[in-house]
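Please read the structure below before turning to the comments.
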Amino acid sequence: VSNAQSGVFVSNGNLTIDGGTNFVIAASEKIPAAQTYIVRDGDLYINSNISYAETDYTDPSNIATAAFIVIDGNIVIDPSVTHIDGILMAIDTDNSGDGKITQNDSTTNRLTIKGSLIGNVYDLFANRTGVGDPKKDQGSVTIHYDERILLNTPPGISELIDVEQTIV
């Protein structure tokens, strides 16, 4: 189920993102640049890198941003994924043990996230063991805060995160 004009896409059950080598978040004639993907009672499987399209910062409404919100499920990142742009949020509202950002198999591939992680990330960090030079920001999982959330907030995210507090 989706409402493309609003930029909100909802899945009741599992959702898989598999854009080959790269899934690109971009605006089109029918979809705004700020997008929110919500998964309820299922898992989000990320099987490819996720990146933002080239950005012209002169018009904030054209700045690509994405939030991936999983409610009562987990976010499972494939070991081959090395780059994710966006906010990843996993929430456990029914105390079932969900709300994890994880991967099933261990890997030495490094992962760079440009955005935010919200949820239980223990398994993700335990299963990513590849490291580079820490002086060059090459940890097994490296998170770079991205201010796009402030410039073009994905729809619905302000109800879950206090964006004004993020600005401070």
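The values are calculated or read from the model by the stated rules, or taken from the named source; none is laboratory data. Computed from a predicted model, the values in this text were never measured in an experiment. Using ideal geometry, Cβ is built from the backbone for each residue, glycine included, and neighbour counts are taken over all protein chains shown. What goes into the accessible areas is simple: the full protein's heavy atoms, side chains included, and nothing from ligands, DNA or RNA. Shrake-Rupley method; radii C 1.70, N 1.55, O 1.52, S 1.80 Å.
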Span per principal axis, largest first, for the Cα atoms of region 108-150 (Å): 32, 25, 13
Square roots of 5 times each gyration tensor eigenvalue, C-alpha, region 65-164, largest first, Å: 23, 19, 9
Protection proxy ranking, peptides 49-55, 133-139, average beta carbon neighbours within 10 Å, highest first: 49-55, 133-139
Per-residue [θ]222 nm for the chain (sum of -39500 (n - 2.57) over DSSP H runs n ≥ 4, rounded to 500): -1500 deg cm²/dmol
Sorted peptide list for 6-18, 111-123, criterion being average Cβ within 10 angstrom, highest first: 111-123, 6-18
Under-5 Å amide H pairs with residue 8, H placed in peptide plane, nonlocal only: 3, 36
All-pairs Cα distance distribution in the chain, expressed in whole percent, bin size 5 Å: 2, 9, 17, 22, 22, 16, 9, 3, 1
Whole-angstrom gap from region 109-160 to region 38-107, using each part's C-alpha centre: 10 Å
Calculated FRET efficiency for the pair residue 58/residue 18, C-beta based, R₀ 35 Å, to 0.05: 0.60
Percent carbon-and-sulfur accessible area, the chain, ignoring ligands, DNA and RNA, probe 1.4 Å: 47 percent
Spacing of the two label points (7 Å from each Cα toward its C-beta) at residue 144 and residue 80, in nm: 2.4 nm
Dipole magnitude (debye, nearest 20) for region 29-105, charges at Cβ of Lys, Arg, Asp, Glu: 40 debye
Accessible area expressed per residue, the chain, with surrounding protein chains retained (probe 1.4 Å, Å²): 52 Å²
Cβ-defined net charge surrounding residue 12, 14 Å radius [Lys, Arg +1; Asp, Glu -1]: -2
